[in-house]
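Asker: Input: one structure, supplied below.
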Amino acid sequence: MQNQESKNQSGVQKNSSQLTGIERQLVLQYLMDANVPVTLTEEIELGQEKAAENEKSENGHRIRTVASGVFPVALPGEQITVLDQGIILLKNPPESVKVFDGKKVRVQFYFNRLGLYFITTVKTVKSGLALVIPSVISKIQEKETKKTENFSAVLCFNSNSSSEKNISSSVNCGFSPEYPLFVNPKWSDVEEPNQQEAKKYLEKFVMLLRSDGKSIGNGLFLISVVRFLSDKNFSQNQSIEGRKNPPQIIYIDHERLVLAAKKENIIVNKDEEYSVVLGFPISKGPIKERTVYAVFTVENIFEDDLNQKCCAVCRYKNIKEEDVRYLEDKKN
């Protein structure tokens, strides 16, 4: 779709992430003609979060609440009717959707594999629940996972790997600025609405590792694991439906690294061996890059409860002593 309407009626330039008038009409027609599944998530505004944090009980103690709406609810297309007036009607909605009554929600769906969303309010009508499609429909803005300027990582597949996911001999791993590497993660890095679920994952994984007799060490890597698995925004913010993305490294030290991805994009298998080439650019001197080569084993693959995301915890099996010391120094 070409951007034929770059301005709205008031002459103000539209945000490039928003659909033009013509594009919106095409999407509305698509919603009316096809059984399009949608996902609803309560839209929690900053002011609401602060107000909830400052609520006090009768005895004066602060009440800390966790918004139930952070959990997305998927609706199949057959449960949705889109009227000519641009209203989505939900007849006999399930209990998981009824909790959104009177609340502002983010409605997400795909149009020709392009991720779109809009913000609206759920209202009760005689036949069930209704959502008015607003004038603004936006494209999902996906956070890029890219190479950092001071670090690169290439995941290499061994020839004896039995993985059916082995689609290439090597893959460049992605990175996220939200998970800075060679910095010790802290529990405060986990967003507060996700901490209850993250704690549940942490307790579960610690018990599992101990029952298997595996060393946890200082356990800091598990903070990054449970933070990733409890993050609801990661699974929602996919701008292109079904697109394959390389796994990203969310933790690394001198003993292990953690790969994170949507489940279908994790390209390693538990208990199998792989190798990784880490590159550290050097700004001064005749050598332009310090290279660390290591063979590792995937010790565990942890999944979220929705079976959508996973983290592969990988421990080095073969790595030079000087490279271990170098990685230790990078962490300090």
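Asker: Hey, what do the phi angles of the range 265-277 turn into as Karplus ³J(HN,Hα) couplings, whole Hz, using 6.51/-1.76/1.60 and θ = phi - 60°, x for Gly and Pro?
Answerer: Karplus values, whole Hz, x for Gly and Pro: 9, 7, 10, 10, 10, 4, 6, 8, 9, 9, 10, 9, 10.
Asker: Can you tell me which of 251-259, 132-140 comes out highest on packing, and rank the rest after it, using the mean Cβ neighbours within 10 Å?
Answerer: 251-259, 132-140
Asker: Next up: Using a 1.4 angstrom probe, figure out how much accessible area the range 85-126 has per residue, in square angstrom, rounded to the nearest whole. Write down the numbers at each step before the final one.
Answerer: On the way: 2290 Å² over 42 residues.
Counting only protein heavy atoms, the per-residue value for the range 85-126 is 54 Å².
Asker: Please compute the length gained on full extension between Asn112 and Val136, using 0.36 nm multiplied by the number of residues separating them and subtracting their Cα-Cα distance.
Answerer: 6.8 nm
Asker: Follow-up. Taking 0.36 nm per residue of sequence separation and subtracting the Cα-Cα distance, how much length would be gained by fully extending the chain between Asp212 and Thr124, in nm to one decimal?
Answerer: Stretched fully, the Asp212-Thr124 segment lengthens by 26.6 nm.
Asker: Quickly rank 78-89, 108-119 as a protection proxy: mean count of other C-beta atoms within 10 Å, highest first. List each step's numbers first, then the result.
Answerer: Numbers: 78-89: 15.0, 108-119: 17.7.
Answer by packing, highest mean first, reads 108-119, 78-89.
Asker: Oh, and also: What list of ³J(HN,Hα) values in whole Hz, one per residue of the range 250-259 in order, does the Karplus curve 6.51 cos²θ - 1.76 cosθ + 1.60 (θ = phi - 60°) give from phi, with Gly and Pro shown as x?
Answerer: 10, 7, 7, 8, 7, 10, 7, 9, 10, 9
Asker: A further question on this structure: Give me the orientation-averaged projected area of the Cα convex hull of the range 192-332, in nm², one decimal.
Answerer: Value for the range 192-332: 10.4 nm².
Asker: Separate question: Over 24 Å between Cα atoms, which of Lys204/Lys263; Lys139/Lys309; Lys263/Lys330; Lys98/Lys126 qualify?
Answerer: Violating the 24 Å limit, Cα to Cα: Lys263/Lys330.
The values are calculated or read from the model by the stated rules, or taken from the named source; none is laboratory data. All of these numbers come straight from a predicted model, not from anything done at the bench. We place every Cβ from the backbone using ideal geometry, glycine too, and count neighbours over all the protein chains shown. All accessible areas refer to the heavy atoms of the entire protein, side chains included, with ligands and DNA or RNA removed. Shrake-Rupley method; radii C 1.70, N 1.55, O 1.52, S 1.80 Å.
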